[in-house]
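Okay, so here's the structure we're looking at.
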Amino acid sequence: MEGSEVVNGVENGGSSEGRPPNPLAATYRQCFGGGRVTAGPCKKSVVRHHSLVVKTKTTGIAIEPRLSSEDHGTEFIPILRSGAWSDIGFRSSMEDVYVCVDNFMHDYSVKNFSERPNAFYGVFDGHGGKHAANFASDHLPKFIVEDEDFPIEIERAVASAFLQTDTAFAEACSLDASLASGTTALAALVVGSSLIVANAGDCRAVLCRRGKAVEMSRDHKPGCSHERKRIEASGGYISDGYLNGQLNIARALGDWHMEGLKGSSGGPLSAEPELVTARLTQEDEFLIIGCDGIWDVFMSQNAVDFTRRRLQEHNDPVRCSKDLVEEALKRKSGDNLAVVVVCFQPQPPPNLAVPRPRVHRSISAEGIKELQSFLDSLKT
């Protein structure tokens, strides 16, 4: 088991062409001003909710909130608290990595930003070694803040950062073949009251909205219909649930050394993330992001229920993350384990009052007849 670990200051405990206007752009401008935001040298320091509109594209999904004129006057501003934990589990080596940065703009030396909430959280599940996961956890946040579109066109900046990280790792591997490996990647950003989740692989992000699990990502498995179509259109195939008979995931960063999966003209293994955005409200309590070792033994609603109970007991996201990992071990998860819990409010989740159903009682016709007979006997 790993001991205490510090990751970025937190102790372990595509193109715009053809895209619709970003409905959250005004929020980003309000958060950071209309001027260009510049970044200095980086410092290392289950259900779809009715308020979400689902848009499916061939290159990914985007889930955006329905906004009304009243939303702008009563905007919910989250108070961020986060914790993370990891464990090697029953594996011989540890290949999972996480990043927790509650003050993203400050820690990555972004200038001219307001004091509104801004944070970056990520989980990276490596395979074939830890090099790709380490590389992605270090470079992905940097590529995001260095993008000229950040933070005004934040979705485009994040998607571009995934592809830049993948390309940069390919260049690193060409110089040092010992780095050859791959990793899934899931990043969650909080900017003001907006939550943006980008996923490539089978890590998962689940939002707790008043006790209900709202899945903010979907697992990229080769057998899924939306991934199968993309894979086959890219010249790939699925054999016994594996992409080209080699990987049990459909999207990942790295894996440039594996024949037939990636190339200069593309391939069936994609590094492009699917993006999901939502406007946080007072009903949103916390977010769980975890590598697939967590979700092998937790269903999304089950994880939300478990986390909610733990937060009600001690209200500590670090302890809660550790609780999730230890429970996954008890449930015999056979993988490395890494999880991040992000709370949006200072108080623990409230108890949810369950209204008692009204009980309707009735008497049968035979019962009424017997009652009438009894009353008549009393008169006599």
Write down the Å³ per residue value for the convex hull defined by the alpha carbon atoms of segment 136-203.
-> 82 Å³
Would you calculate the separation in nanometres between label points at SER93 and CYS224, each defined as 7 Å from the Cα along the Cα-to-beta-carbon direction?
-> 2.8 nm
Which of the GluC sites (Glu not before Pro) found in segment 75-124 are in a DSSP loop and have at most 16 neighbouring Cβ atoms, other than their own, within 10 Å?
-> GLU75, GLU115
Nearest-20 debye value, segment 93-191 charge dipole, Cβ charges on Lys, Arg, Asp, Glu | 100 debye
XL table LYS130/LYS332; LYS262/LYS330; LYS229/LYS262; LYS142/LYS322; LYS130/LYS262; LYS221/LYS262; Cα-Cα > 26 Å flagged, in table order, is LYS262/LYS330; LYS142/LYS322
Inter-label distance, nm, simple model (7 Å from Cα along the C-beta direction), GLN246/ASP176 | 2.2 nm
Of the trypsin sites (Lys or Arg not before Pro) in segment 103-160, those whose Cβ has at most 16 other Cβ within 10 Å and which sit in DSSP loop | LYS111
Paramagnetic reach from HIS314 (point 7 Å along Cα→Cβ, amide N under 12 Å) across segment 194-231 | none
So how far apart, in nm, are the two label points at GLU146 and ASP305 if each is 7 Å from Cα heading toward Cβ?
-> 4.6 nm
Report relative contact order for segment 188-320 in percent, whole number only (criteria: Cα-Cα under 8 Å, sequence separation at least 6).
-> 31 percent
How high is the FRET efficiency from LEU352 to SER264, r the C-beta distance, R0 35 Å, rounded to 0.05?
-> 0.10
Mean projection area, nm², convex hull over Cα of segment 97-232 = 9.9 nm²
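Quick note: the coordinates plus some simple rules give every number you see, no bench work behind them. What you see is a predicted model; the values in this text were computed from it and never measured. Don't worry about glycine lacking a Cβ; one is built from the backbone with ideal geometry, like all the others, and counts go over all protein chains shown.
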